[in-house]
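The values are calculated or read from the model by the stated rules, or taken from the named source; none is laboratory data. Everything numeric in this text was worked out from a predicted model, so none of it was measured. All Cβ positions, glycine included, derive from the backbone under ideal geometry; neighbour counts span all protein chains shown. Note: accessible area is taken over every heavy atom of the protein model, side chains too, but ligands, DNA and RNA are not part of it. Shrake-Rupley method; radii C 1.70, N 1.55, O 1.52, S 1.80 Å.
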Amino acid sequence: MYHIQTLNKISPYGLEKFDRSKYICGDDVQNPDAVLVRSASMHDMQLGDNLKAIARAGAGVNNIPIDRCSQQGIVVFNTPGANANAVKELVMCGLLMSARKVYPAMDWVQTIKGEGDAVPKLVEKGKAQFSGPELSGKKLGVIGLGAIGILVANFARHFGMQVYGYDPYMSVETAWKVSRDIKHAISLQEIYENCDFITLHVPLTPETKEMINSESIKMMKHGVRILNFARGELVSTKDIKDAIDEKQVRCYVTDFPSDELLGHPGVLAIPHLGASTPESEDNCAKMAAEELIDYLENGNITNSVNLPNVIINRNCKTRVTVIHKNIPQMITAIAGVFGDCGVNIENLTNKSKKEYAYTVVDTNGDASEDAISKLKAIDGVIRVNIYR
Ligand SMILES: NC(=O)c1ccc[n+]([C@@H]2O[C@H](COP(=O)([O-])OP(=O)(O)OC[C@H]3O[C@@H](n4cnc5c(N)ncnc54)[C@H](O)[C@@H]3O)[C@@H](O)[C@H]2O)c1
Ligand SMILES: O=C(O)[C@H](O)COP(=O)(O)O
């Protein structure tokens, strides 16, 4: 039996992928083979020796101790694009709310309840304080043109916005999806200096942490509106509050409220609802469950953030997979163990991702305990798994 621990509420649509004759799933599962998680922080968690994989049903993996996982040979998956449409739709709502004062206006209109027949007149009188600009003709800067950024950039053109996109790491495959009307910004400065609205769609990394700070805000247009549906730590809380107080920033829409931001005028705080639609919860859970199942049962890796993607049909009696450091002589050493044990290799695949690599060996022979011990003893080998 495989044991799957869930750390957040995971859509049943994903959980039902696990065949109950082979899998036990639940939040009380001990010593799991794999963990299914959304945003719960795993940084302070012990990662047991039996743990082989973690699947993040979602995009951001900053809640997972990736380095520790790699060192322990734990494969970390996420579900690229599975919640992108949900986020895009809420970003569009955020754009409209940052321009038109819908939220304070709706609050205000409730205050005239009880005024009887005077309500229509009071509405007409009171509405003047809530006028706000149109999006059409304004410039939108999209920072990060991944699954979400591209959808946001392409959609914003339908609001009549002029869109600038910035992503120095964009893949060719991704570039094909960007509408040709989107201006390719070659620097962040170009976005900051030109755009009336700026929306962030980058992962939280040491490079992007607090990328919005007093220095970057200084370069922006007076009265800029900033949207953050990516991660709270991308924006310096102190600097954004100061910039709002100085009217340099007109509005900050964030899906990641903190105590200091709540109640601050000019901040529109949303309780991390970007991916909270039944459709995206289902998509993410299904994709995450399928990734775990194919890894646990076949050793195939799809959408891992710390190991290379390796998907090979299984048509041999035995598969041995090795997670190891990406250093010279590893393939020779691994193949040598099979040779020494008299086992013929039918297929050997090796792929690497940064400091780590993954080797899959398929054979019609058997992998003896002796062979497995020898593989584990190779310097640089982190984990060996056998699939029969
Ligand atoms: N609010 C929510 O509920 C919600 C939902 C999904 C994702 N997110 C957040 O949004 C982020 C983006 O999600 P995604 O699905 O689009 O991910 P993605 O991996 O498809 O896209 C991220 C893009 O950012 C780019 N990038 C990385 N560093 C950059 C930098 N320094 N400058 C510019 N571009 C950079 C990458 O090249 C990539 O194209 C996630 O990492 C997550 O933190 C939030
Ligand atoms: O990175 C993500 O996918 C989002 O922040 C969604 O988080 P959630 O799954 O906790 O809603």
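Tally time: how many residues in the range 221-257 are surrounded by fewer than 18 Cβ atoms within 10 Å (Cβ to Cβ), under 26 Å from the mean Cα position of the chain (by Cα) and not in a helix (DSSP H, G or I)?
Going through the range 221-257 one residue at a time, the tally reaches 1.
Would you mind stating whether Asp107 is away from ligand 1 (no atom under 16 Å from the Cβ), within 17 Å of the chain's Cα centre (by Cα) and not hydrophobic (A, V, I, L, M, F, W, C)?
No, not satisfied.
For the range 196-203, check the following and say yes or no: at least one residue is within 15 Å of ligand 2 (Cβ to nearest atom), in contact with a Leu (Cβ under 8 Å, 6 or more places away or on another chain) and assigned to a loop (DSSP other than H, G, I, E, B).
Looking for residues that are within 15 Å of ligand 2 (Cβ to nearest atom), in contact with a Leu (Cβ under 8 Å, 6 or more places away or on another chain) and assigned to a loop (DSSP other than H, G, I, E, B), one finds at least one in the range 196-203, hence yes.
Name the pairs: first residue in the range 312-333 and in the same structural domain as Thr349 (by TED's automatic domain parsing), second residue surrounded by 15 or more Cβ atoms within 10 Å (Cβ to Cβ) and basic (Lys, Arg), Cβ to Cβ under 7 Å, at least 6 apart or on different chains?
Ile323/Arg383
Contact list please: Cβ distance under 8 Å, first residue in the range 75-94 and outside the structural domain of Lys52 (by TED's automatic domain parsing), second residue more than 9 Å from ligand 2 (Cβ to nearest atom) and among the aromatic types (Phe, Trp, Tyr), pairs at least six apart or on different chains.
Final answer for the pair search is Lys88/Phe155; Met92/Phe155; Met92/Phe159.
So, in the range 151-166, exactly how many residues are open to solvent by less than 30 Å² (accessible area, probe 1.4 Å) and either within 16 Å of ligand 2 (Cβ to nearest atom) or under 17 Å from Arg231 (Cα atoms) (or both)?
1
Give the residue, chosen from Asn347, Asn300, Asn309, that is more than 16 Å from ligand 1 (Cβ to nearest atom), over 30 Å from Met92 (Cα atoms) and loosely packed, with under 15 Cβ neighbours inside 10 Å.
That would be Asn347, the only listed residue that is more than 16 Å from ligand 1 (Cβ to nearest atom), over 30 Å from Met92 (Cα atoms) and loosely packed, with under 15 Cβ neighbours inside 10 Å.
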